[in-house]
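See structure below.
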Amino acid sequence: MTSSKTARRPHHWRRDLIELAALFTAVAVADAIANLIGHQPDGPYLLIASAVALVATAAFHTWWARRHSNAPPPEEPGASGPAPDASTGPAAGSGSGSVGVAGETVLWRMRTTVRDAPGSLAALCLVLARLRIDILTLQTHPLAEGTVDEFLLRAPASLPAQELTRQIAASGGTSTWIERADAHDLVDTPTRVLSLATRTALDAAELPLALRQLLGRCTIHSLPAVSITGRPTGQSAPVEGVLEETVMRLRDPSGGVISVERPYLPFTPTEFARARALVELDARLGPRVPRSTDILTLPEGNEITVRRADRGDLAAARAMHDRCSPDTLGLRYHGPVGDADRYLDHLLSPRFGRTLAVQTASGKLVALGHLLWDGDETEVALLVEDDWQRRGIGSELLGRLVQLAREAGCDSVYAVTQSRNTGMVAAMRALELPLDYQIEEGTLVITARLTSATETQQMETRQTESRPTETRAAETRQTQTRPLETRAAETRATDERTVRPSGPAAEGARR
């Protein structure tokens, strides 16, 4: 560092001498002119005119200097004033794709691959500047050949995504992917990663949700090493994980594999390293759930406690099963009642969702509510002991599960039950949400939409715009050739390959 005593401005004595000499010269010249003109008959008038001309010249010079040197840059056409006349055409060098900012803007998330060479990113930024696009954030994902650049952009609303993609391709970008963004994407990446790590550290059930928020729209499956029936599934992954372009497989700390799929966009090594770090954090912390409890009073005066449950409640859950009637267990699991207990360890695992337990003042477990991650969908399931039914416990649990689904960012939840289960149907209708019903051979699937119609339409629009043209064409062909099936038939799976924690519904109810 330099102190204030040593950091003195150097004294330019040569410049001072020149200025002093110029001053004396100017005075001498002025005196000579005054003597010459002053003795003429019109001398005083000429001196006054000369003074006025000098003042006018000085004023014009000051205005010109401020106008072209110190004034702020002129506003872009269309920013606040009227748009320029269309007859003038685009400015020189602006290109055919130049678009003026018309006030209204939209946010885009864009990812493109450029050559790993000096000037590649600069050429890309020049194109964005010519299109009047503001770069809000930029991330780089180095690859073996090239670099993936991920942008958060604020662009004119009049600029179509196809035009932006075309301009990026012309500047050297390849494998360009773009989708609409929102205000949540304005959070910088380090802050978002730290927030997701904190959520994962507090609750083991947050790991699948944290991975989905970290990697964007993707499908996450937890594949257990041992099936519900006790047979090995053969699912395993090395400690360091496996990355295969659009699929990554990570070792699940609770056993088995966490599979993450994103068909529309390959994963980068940087994303793979971030996902693996979250999984390693979960493995080091071990099983954990928040221990907060809520004490409620039923209409008849009994107090109950609602809290999160995990595998530590396995014995109490099995005891509650023993107290439930076969009809109650049949309505819940839709299959052989004798096999219900073997599913409890799976249902209580925080890896497959969240479980709420209701216990009495004496500590007896009387109800369970499950919020189960099912790939891109979310299932809710309830079981209330016979002696505690028709008291509002099921509705209370269902409302809390739906709230947890909202907080997790789920768009909808669905319940699989039987058409004669009037209690579950009434509880779903009491949510006062838009409901869809599908029934097949006595199995009823009730879907509750958690987002408004406008939000759903905007989300579908963003998803459609983000998919490449060839992907959308392939999906259209697949939709045209696939026979029409209900959700109940589409989601059934066997024990060896499913992670659906719905109990015997995986074998019976969805057939």
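Scanning region 280-291 finds no residues that are among the acidic types (D, E), closer than 27 Å to R342 by Cα, open to solvent by 20 Å² or more (accessible area, probe 1.4 Å) and touching a residue at least 24 places away in the same chain (Cβ under 8 Å).
Could we say that S158 is more than 21 Å from the chain's Cα centre (by Cα), under 25 Å from E245 (Cα atoms) and surrounded by fewer than 19 Cβ atoms within 10 Å (Cβ to Cβ) here?
On the way: more than 21 Å from the chain's Cα centre (by Cα): yes; under 25 Å from E245 (Cα atoms): no; surrounded by fewer than 19 Cβ atoms within 10 Å (Cβ to Cβ): yes.
When the stated conditions are applied, S158 does not pass them.
In the condition set (1) assigned to a strand (DSSP E or B); (2) of a type in the set (D, E); (3) in contact with a helix residue (DSSP H, G or I) (Cβ under 7 Å, 6 or more places away or on another chain), E379 is compliant with all but (3).
A quick yes/no check of all residues on (1) among the β-branched types (V, I, T); (2) within 22 Å of S292 (Cα to Cα); (3) open to solvent by less than 20 Å² (accessible area, probe 1.4 Å):
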| position | (1), (2), (3) |
| --- | --- |
| A367 | no, yes, yes |
| S395 | no, yes, no |
| L398 | no, yes, yes |
| G409 | no, yes, no |
| V413 | yes, no, yes |
| S419 | no, no, no |
| T422 | yes, no, no |
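Can you name every residue in region 216-234 that is at pLDDT 80 or above, on the phi < 0 side of the Ramachandran plot and surrounded by fewer than 19 Cβ atoms within 10 Å (Cβ to Cβ)? Answer for region 216-234, where residues must be at pLDDT 80 or above, on the phi < 0 side of the Ramachandran plot and surrounded by fewer than 19 Cβ atoms within 10 Å (Cβ to Cβ): R217, T219.
In region 161-178, the count of residues that are of a type outside the set (D, E), without any contact (Cβ under 8 Å) to a residue 24 or more places away in the chain and in contact with a Ser or Thr (Cβ under 8 Å, 6 or more places away or on another chain) is one or more.
The test for being over 15 Å from the mean Cα position of the chain (by Cα) and outside any loop (DSSP other than H, G, I, E, B) holds for V127.
Working carefully through the options T147, T191, T174, find the one that is open to solvent by 50 Å² or more (accessible area, probe 1.4 Å), under 21 Å from R262 (Cα atoms) and not basic (K, R). Even if it seems obvious, please write down each step before you answer.
Details: T147 fails: open to solvent by 50 Å² or more (accessible area, probe 1.4 Å); T191 fails: under 21 Å from R262 (Cα atoms).
None of the other options fit; the residue is T174.
So which of L433, L404 is touching a strand residue (DSSP E or B) at 6+ places or on another chain (Cβ under 6 Å), open to solvent by 20 Å² or more (accessible area, probe 1.4 Å), closer than 23 Å to H184 by Cβ and part of a loop (DSSP other than H, G, I, E, B)? Break it down stepwise before answering.
Details: L404 fails: part of a loop (DSSP other than H, G, I, E, B).
Among L433, L404, only L433 is touching a strand residue (DSSP E or B) at 6+ places or on another chain (Cβ under 6 Å), open to solvent by 20 Å² or more (accessible area, probe 1.4 Å), closer than 23 Å to H184 by Cβ and part of a loop (DSSP other than H, G, I, E, B).
Only one entry of A210, A237 meets the criterion of being in contact with a Leu (Cβ under 8 Å, 6 or more places away or on another chain), assigned to a loop (DSSP other than H, G, I, E, B) and either farther than 30 Å from P156 by Cα or open to solvent by less than 20 Å² (accessible area, probe 1.4 Å) (or both), and that entry is A237.
Examine region 130-138 for a residue that is under 21 Å from R274 (Cα atoms) and touching a His at 6+ places or on another chain (Cβ under 8 Å), and state whether such a residue exists. No, the conditions are met nowhere in region 130-138. You will find that of R180, R130, R111, the residue that is among the charged types (D, E, K, R), buried (at least 16 other Cβ atoms within 10 Å of the Cβ) and farther than 24 Å from P266 by Cβ is R130 and no other.
Please verify whether V289 is closer than 30 Å to Q213 by Cβ and outside any helix (DSSP H, G or I), treating the condition exactly as stated. Don't jump to the end; show me each part of the working.
On the way: closer than 30 Å to Q213 by Cβ: yes; outside any helix (DSSP H, G or I): yes.
Yes, satisfied.
Any residue at all in region 298-315 that is in contact with a helix residue (DSSP H, G or I) (Cβ under 8 Å, 6 or more places away or on another chain), in a helix (DSSP H, G or I) and open to solvent by less than 40 Å² (accessible area, probe 1.4 Å)? If you could, list the steps in order and put the result at the bottom.
Taking region 298-315 first, the residues in contact with a helix residue (DSSP H, G or I) (Cβ under 8 Å, 6 or more places away or on another chain) are 298, 304, 306, 309-311, 314.
Checking which are in a helix (DSSP H, G or I) leaves us with 311, 314.
Okay, now just the ones that are also open to solvent by less than 40 Å² (accessible area, probe 1.4 Å), so 314.
Yes, region 298-315 contains at least one residue that is in contact with a helix residue (DSSP H, G or I) (Cβ under 8 Å, 6 or more places away or on another chain), in a helix (DSSP H, G or I) and open to solvent by less than 40 Å² (accessible area, probe 1.4 Å).
In the set (1) in contact with a strand residue (DSSP E or B) (Cβ under 7 Å, 6 or more places away or on another chain); (2) in a strand (DSSP E or B); (3) not charged (D, E, K, R), the condition left unmet by F267 is number (2).
The values are calculated or read from the model by the stated rules, or taken from the named source; none is laboratory data. What you see is a predicted model; the values in this text were computed from it and never measured. Glycine also receives a Cβ, built like all others from the backbone with ideal geometry; neighbour counts cover every protein chain displayed. We work out accessible area using only protein heavy atoms, side chains counted, and drop any ligands, DNA or RNA first. Shrake-Rupley method; radii C 1.70, N 1.55, O 1.52, S 1.80 Å.
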